[in-house]
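So the structure is just underneath, and the comments pick up after that.
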Amino acid sequence: MDSAKINDMKAKHKLLAEYKYELRPVVKGYNRRTLYINLTDQQIKEKPVTDQMIDKFVGGKGFDLKLMWDAVKDTTKWDDPENEICISFGPLCGNTNYPGSGKSIVTTISPLTGIPVDCNVGGHFGPYTKFSGFDALEIQGKAAEDVIVFIDGDTGKVQIMTAPDEDFNSHIACEQFIHEFADAPGKEQFVSVVSSGEASAHVLITCLNFSFWDKRRQVARLKQAGRGGTGTVFRKNI
């Protein structure tokens with residue numbers, strides 16, 4: 001991609017919030033903390049993963065549904081600010097001894113059914129977030145403008161920043177974000193992007209796209225959390 005254009009887009013990002021956290025290793029499959037982000041008030045915080053959560057809910061879908069249970073009410077609608085997108089990663093996430101260990105589980109209240117829906121998705125986002133220090137991610141609230149949530153697992157910080165010039169379409173936006181946040185040329189495979197396309201602003205059944213970098217083709221490829229309209233909820237949040 002045009003490096004001058006990439007640098008120009010990156011220069012226009014405005015930092016809205018930043019949170020710094022302690023880096024520590026994954027122990028027996030768990031970081032024992034989750035990451036909570038509220039886009040309405042730009043709040044970023046850690047939540048503890050308790051022994052009860054591990055014993056009763058294990059991870060993946062269990063963690064997602066536990067976090068959603070604590071966050072929403074029985075009257076919450078899919079487009080209400082308190083509806084969450086939860087993305088969780090089980091204790092085997094990123095362990096290459098087990099097939100499918102790169103999967104993430106996404107849950108939200110579906111715009112199609114009005115009840116919680118879950119779907120699994122591949123890509124590199126799950127392992128990268130697990131290794132960055134978190135067993136799950138919660139996104140709640142509504143942003144006033146298009147924003148980026150940047151999780152930097154190398155330095156231990158989470159940032160919310162504006163995204164005024166990036167493309168709406170995932171196949172383009174993923175390429176842009178990967179080149180913006182890669183440490184150097186040749187390091188693109190260490191960045192993963194979660195996004196939804198422009199269609200999600202207009203219809204209810206859309207996907208949430210998770211990227212991985214194809215080193216052979218030198219392009220970003222996408223995996224989809226394709227059930228229940230997760231992309232539409234994501235667009236609602238940003």
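The values are calculated or read from the model by the stated rules, or taken from the named source; none is laboratory data. Quick caveat, the model's predicted, so the values are computed rather than measured. Cβ sites come from the backbone with ideal geometry, for glycine too, and all protein chains shown count toward neighbours.
Structural remarks
- With respect to (1) closer than 18 Å to Cys119 by Cα; (2) touching a strand residue (DSSP E or B) at 6+ places or on another chain (Cβ under 9 Å); (3) of a type outside the set (Gly, Ala, Ser), the lone exception for Ile148 is condition (1).
- Scan segment 160-215 for residues that are crowded, with 19+ Cβ neighbours inside 10 Å, assigned to a strand (DSSP E or B) and not polar (S, T, N, Q) and the total you get is 6.
- Filtered by the rule that a residue be of a type in the set (Ser, Thr, Tyr) and at pLDDT below 95, segment 92-114 gives Thr96, Tyr98, Ser101.
- Matching residues, segment 94-124, being crowded, with 17+ Cβ neighbours inside 10 Å, out of contact with any strand residue (DSSP E or B) (no Cβ under 8 Å at 6 or more places or on another chain) and over 18 Å from Ile151 (Cβ atoms): Ser101, Pro111
- Some residue of segment 102-114 being over 26 Å from Gly141 (Cβ atoms) and in contact with a Ser or Thr (Cβ under 9 Å, 6 or more places away or on another chain): yes
- Verdict on Gln52 being out of contact with any Phe, Trp or Tyr (no Cβ under 7 Å at 6 or more places or on another chain), closer than 20 Å to Val149 by Cβ and surrounded by fewer than 18 Cβ atoms within 10 Å (Cβ to Cβ): no
- Looking at Ile87, Ile44, just one residue is over 18 Å from Gly126 (Cα atoms) and either part of a strand (DSSP E or B) or of a type in the set (Phe, Trp, Tyr) (or both), and that residue is Ile44.
- For Leu137, the conditions (1) outside any helix (DSSP H, G or I); (2) surrounded by 16 or more Cβ atoms within 10 Å (Cβ to Cβ); (3) without any contact (Cβ under 8 Å) to a residue 40 or more places away in the chain are fulfilled apart from (3).
- Among (1) buried (at least 17 other Cβ atoms within 10 Å of the Cβ); (2) on the phi > 0 side of the Ramachandran plot, the one test that Lys28 misses: (1)
- Single condition Ser200 does not satisfy, out of (1) within 15 Å of the chain's Cα centre (by Cα); (2) under 27 Å from Gly62 (Cα atoms): (1)
- Scanning segment 65-78 finds one or more residues that are touching a residue at least 40 places away in the same chain (Cβ under 8 Å), surrounded by fewer than 18 Cβ atoms within 10 Å (Cβ to Cβ) and either hydrophobic (A, V, I, L, M, F, W, C) or touching a Pro at 6+ places or on another chain (Cβ under 6 Å) (or both).
- Those residues of segment 95-114 which are among the hydrophobic types (A, V, I, L, M, F, W, C) and either more than 22 Å from Thr206 (Cα to Cα) or within 14 Å of the chain's Cα centre (by Cα) (or both), in sequence order: Ile105, Val106
- Glu198 vs. criteria charged (D, E, K, R), out of contact with any Asp or Glu (no Cβ under 6 Å at 6 or more places or on another chain) and modelled with pLDDT of 95 or more: no
- Residue that is modelled with the highest pLDDT, among those in segment 115-161 that are under 30 Å from Pro99 (Cβ atoms), more than 12 Å from the chain's Cα centre (by Cα) and polar (S, T, N, Q): Ser132
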